[in-house]
There are 2 protein chains.
Amino acid sequence: MDALSLPKQDRSRATRQRLLEAAIACLAEHGWAGSTVSVVAERAGVSRGAAQHHFRTREDLFTAAVEYVAEQRSAAVRGLLPQVQLIIGPARTYLAVGQLVDLFTGPLFRAALQLWVAAAHDDALRARVTELEARVGREVHRMALELLGADERRAGVRETVQGFLDMCRGLGLATLLTDDSARRDRVIRHWTGVLSDLL
Amino acid sequence: MDALSLPKQDRSRATRQRLLEAAIACLAEHGWAGSTVSVVAERAGVSRGAAQHHFRTREDLFTAAVEYVAEQRSAAVRGLLPQVQLIIGPARTYLAVGQLVDLFTGPLFRAALQLWVAAAHDDALRARVTELEARVGREVHRMALELLGADERRAGVRETVQGFLDMCRGLGLATLLTDDSARRDRVIRHWTGVLSDLL
């Protein structure tokens with residue numbers, strides 16, 4: 001069944017999804033200044049009018065896109081949880097750390113970073129992005145606790161996990177301009193041992 | 001002695017310095033898209049022609065500005081070394097960590113971040129920023145080793161310091177849109193203990 005033979009509601013949902021995915025790719029590649037509703041509509045193969053029917057403003061489109069992709073990534077990681085929970089000890093930590101670092105080195109992080117940095121000097125964007133980042137940040141923190149099998153009621157565990165997620169964010173930033181994967185792998189291998197001892 | 005009564009060479013150096021400082025403030029406040037040579041010249045109280053006499057291109061001006069301020073910060077931290085080196089144990093680590101985190105939470109980091117993120121989708125900027133970041137990154141790593149009194153010949157020390165600097169970078173990013181200082185202080189206090197045990 002192709003897109004045109006779908007019921008109207010499904011077609012509309014498919015269009016929305018295409019716009020959101022095009023918005024992420026566009027942000028990651030061209031940054032906020034180069035990302036307009038028109039550019040995204042063209043990339044998604046949708047008319048500008050149809051794009052504006054789905055998203056009234058540029059801010060609506062791009063914050064919705066980051067949220068949508070973050071939810072997709074989050075659902076994918078949650079899907080792995082039942083298998084991860086069967087593993088214990090350093091192997092579990094290693095697997096969990098790999099999943100968490102991946103969250104900060106892909107197109108979603110690149111796109112979110114562009115939005116985040118643009119929001120530092122764009123008031124219309126700032127309030128939206130701040131609220132979005134707080135929500136996504138809480139979800140990533142919860143996910144990290146579950147993946148690592150960490151118990152936040154124990155003293156220091158909260159700060160251990162938070163600091164580790166800050167490290168992941170820094171590793172994501174370091175990979176923005178050059179392929180940092182060789183250094184990153186060494187850092188991750190080392191810190192997985194540290195984290196395993198701490199938790 | 002005011003600026004006009006300085007010898008010509010000193011006046012030229014003072015103008016250059018004003019342009020570099022104005023460039024950092026401009027980048028931190030308005031991002032790359034809003035930072036042109038004209039905007040910086042106006043902010044510095046210098047004519048556009050004079051600005052272009054000092055910096056042929058926009059890329060020249062802004063990469064020189066990040067390098068200049070990074071060198072200033074680096075010199076200031078190095079100036080503290082003789083005092084820091086008198087202290088040993090966790091108090092030394094705490095002092096060192098505070099200095100290092102400060103490097104990633106001030107206007108210099110905000111400005112460098114704007115340049116860095118713009119370079120992801122600007123080829124003219126990319127090569128320049130990549131080379132600059134490698135140089136600044138090596139200097140910060142050397143400084144971290146000296147501040148922490150860490151011996152890189154010991155296995156794991158290199159990766160401990162690198163991962164910690166990635167954490168600092170992530171903490172800097174987290175403070176871009178909101179005042180993250182309360183959370184940051186808790187994370188830093190906790191990880192200072194971890195780092196002190198590791199080194």
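The values are calculated or read from the model by the stated rules, or taken from the named source; none is laboratory data. If you're wondering where the values come from, they're calculated on a predicted model, not measured in any experiment. Glycine gets a Cβ as well: all are built from the backbone with ideal geometry, and neighbour counts include every protein chain shown. Side chains are part of the model used for accessible areas, which takes the heavy atoms of the whole protein and leaves out ligands, DNA and RNA. Shrake-Rupley method; radii C 1.70, N 1.55, O 1.52, S 1.80 Å.
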With a 1.4 Å probe and ligands and nucleic acids left out, the total accessible area lost when B pairs with A, in Å² to the nearest 100, equals 3500
State the percentage of accessible surface on region B:1-148 attributable to carbon and sulfur atoms; use a 1.4 Å probe and exclude ligands, DNA and RNA. 55
Gyration tensor verdict on the protein assembly as shown (Cα atoms; rounded if a/c is under 1.5, prolate if a/b is larger than b/c, oblate otherwise): oblate
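Run the dipole for the protein assembly as shown about the Cα centre, Lys and Arg Cβ at +1, Asp and Glu Cβ at -1, nothing else charged, and hand back the magnitude in debye, nearest 20.
Values: 52 positive and 48 negative charges, 16 e Å.
In total the dipole reaches around 80 debye.
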What are the extents of the Cα atoms of chain A along their three principal axes, in Å, largest first? 56, 41, 33
Residue-averaged 222 nm ellipticity for chain A, from DSSP H runs of 4+ at -39500 (n - 2.57), nearest 500: -26000 deg cm²/dmol
Over region B:57-198, give the accessible area per residue in Å² for a 1.4 Å probe, as an integer. 42
Note the distances from residue A:107 to each other copy's matching label point, with points 7 Å along the Cα-to-beta-carbon direction, in nm, sorted shortest first. 3.8
Could you tell me the distance between the Cα centroids of region B:173-199 and region A:90-118, to the nearest Å? 19
For region B:57-198 the mean separation of alpha carbon contacts under 8 Å (6+ apart) over residue count, i.e. relative contact order in percent, is 35
List the trypsin sites (Lys or Arg not before Pro) within region A:97-199 that DSSP assigns to loop and that have no more than 13 neighbouring Cβ atoms inside 10 Å. A:153, A:154
What nm distances, shortest first, do you get from the label point of residue B:139 to those in the other copies when the point sits 7 angstrom along Cα to Cβ? 4.0
What nm distances, shortest first, do you get from the label point of residue B:7 to those in the other copies when the point sits 7 angstrom along Cα to Cβ? 8.5
Let me make sure I get this right: for region B:143-199, a, b and c are the square roots of the gyration tensor eigenvalues over alpha carbons, sorted descending. Under 1.5 in a/c it's rounded, otherwise prolate if a/b > b/c, else oblate. Which is it? prolate
One finds, for residue B:142 and residue B:60 with R0 = 30 angstrom and r their Cβ-Cβ distance, a FRET efficiency to the nearest 0.05 of 0.70
Area accessible to solvent at residue A:196, 1.4 Å probe radius, in Å²: 30
Once each part is reduced to its C-alpha centroid, what is the distance from region B:33-65 to region A:41-61 in angstrom? 36
Residue-by-residue Karplus 3J(HN,Hα) for region A:76-87, coefficients 6.51, -1.76, 1.60, Hz, glycine and proline x: 5, 5, 4, x, 7, 3, x, 6, 4, 5, 6, 9
Between residue A:186 and residue B:13, what is the spin-label point distance in nm, taking each point 7 Å from the Cα along the Cα→C-beta axis? 3.9
Report, by chain and number, residues whose modeled amide H sits under 5 Å from the one on residue B:156, excluding near sequence neighbours (fewer than 5 apart, same chain). none
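Let me check I've understood the local charge: for residue A:97, count other residues with C-beta under 15 angstrom from its C-beta, Lys and Arg +1, Asp and Glu -1. What total comes out?
Details: positive: A:92, A:169, A:184, A:186, A:189; negative: A:102, A:146, A:166, A:185, A:197, B:159, B:166.
In short, -2.
If you count, for every residue in A:169-182, the Cβ atoms of partner chains within 10 Å of its Cβ, what is the mean? Please report the intermediate quantities before stating the final value.
Numbers: counts 8, 14, 6, 4, 8, 8, 0, 8, 11, 4, 0, 1, 0, 0.
That average works out to 5.
Shielding of B:32-40 by partners, i.e. mean partner chain Cβ atoms within 10 Å per residue?
2
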Could you check the simple spin-label distance between residue A:74 and residue B:134, using points 7 Å along Cα→Cβ, in nm with one decimal? 3.9
Apply 1/(1 + (r/R0)^6) to the Cβ-Cβ distance of residue B:102 and residue A:81, taking R0 = 41 Å, and write down the FRET efficiency to the nearest 0.05. 0.60
Determine ³J(HN,Hα), in whole Hz, for all residues of region B:17-34 in sequence, where each value follows from phi through the Karplus function 6.51 cos²θ - 1.76 cosθ + 1.60 and θ = phi - 60°; x replaces Gly and Pro. 5, 4, 5, 5, 5, 5, 5, 5, 4, 5, 4, 5, 8, 10, x, 5, 4, x
Computed ³J(HN,Hα) along region A:117-132: with the Karplus parameters 6.51/-1.76/1.60, θ = phi - 60°, integer Hz and x for glycine or proline, the list is 5, 5, 5, 5, 10, 9, 4, 4, 7, 4, 4, 5, 6, 4, 5, 4
